[in-house]
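Worksheet: the structure to be examined is printed underneath.
The values are calculated or read from the model by the stated rules, or taken from the named source; none is laboratory data. All values reported here derive from a predicted model rather than from experimental measurement. Virtual Cβ from ideal backbone geometry, glycine too; neighbours counted across all protein chains shown. Please note that ligands, DNA and RNA were not included when accessible areas were found on the heavy atoms of the full protein model with its side chains. Shrake-Rupley method; radii C 1.70, N 1.55, O 1.52, S 1.80 Å.
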Amino acid sequence: MSTDRLVVRRFTPDDGEGLHGYLSRPEAVRFEPYGVQTRAQCDELAGARAHDPSFWAVCLRDDGTLVGNLYLHHDDPREWRSYGLGYVFHPDHWHQGYATEACRALLDVCFDQWGAHRVIAHCDPRNEASWRLLERLGLRREGHFRQSASFSADDAGRPVWHDAYLYAVLDTEWAAANG
Ligand SMILES: CC(C)(COP(=O)(O)OP(=O)(O)OC[C@H]1O[C@@H](n2cnc3c(N)ncnc32)[C@H](O)[C@@H]1OP(=O)(O)O)[C@@H](O)C(=O)NCCC(=O)NCCS
């Protein structure tokens, strides 16, 4: 699918270099459950994502540069028609509205063509850029979970807990705001 400035497409095994452009940056993965990725890991990821329908590559329409990726997973039970959204963009391309533009295009397809009832997203409360993006898109903050996740351990091996916000938007809300 394409927007004014972007193409949102499936990954290919050749996207390793593009992925490495941002997954090697600490600020891009600070709130992800993994650390910075090597070029070899990015080549593997590109191969895996090429076969994973939940991942979407976001590229500039002008020159094809990979500026980020979206994740949209159909959660179980499938008949509840609920999807989980995620995203990581290249720090060199933040603050230009690309994430908003790409998410909006994918959510339009998700609600209008795939028949989603509800789209949710989780984010760390410290990740203000992420929850501001969700609010720009029209998702509502539905919950604040205390110490619900841990992506790292302290020196003694104990989990370092962090909070999470839950955001969501319903089909009726999306249609009213974007229809
Ligand atoms: C979350 C993330 C994608 C948000 O990126 P972002 O650049 O803030 O979001 P957008 O691309 O939508 O850009 C919005 C900004 O561009 C500005 N902008 C400029 N031109 C714009 C346009 N044409 N349309 C919309 N916004 C525009 C907006 O005013 C906004 O500015 P602000 O950052 O000063 O508020 C980014 O911070 C990221 O990749 N973080 C690392 C990964 C991560 O944490 N993922 C989430 C885990 S839960």
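Over region 6-178, the hull volume per residue, using the convex hull of the C-alpha atoms, is 129 Å³. Distance from the C-alpha centroid of region 156-171 to that of region 59-85: 19 Å, rounded to the whole angstrom. Extension gain for Thr100-Glu44 works out to 17.4 nm (0.36 nm per residue, less the C-alpha to C-alpha distance). Take the Cβ-Cβ distance between Ala153 and Asp76 as r, set R0 to 30 Å, and report the resulting FRET efficiency rounded to the nearest 0.05. Between Ala153 and Asp76 the formula returns 0.55.
The modelled label-to-label distance for the pair Asn127/Val109, using points 7 Å beyond Cα in the direction of Cβ, is 2.2 nm. Accessible area of region 6-178 with a 1.4 Å probe: how many percent of it is carbon plus sulfur? Here carbon and sulfur together make up 50 percent of the probe-accessible area. Based on protein heavy atoms only, the chain ends up with 54 Å² per residue of surface accessible to a 1.4 Å probe.
The simple Förster model, with R0 at 45 Å and r as the Cβ-Cβ distance, assigns Arg146 and Asp62 a FRET efficiency of 0.50.
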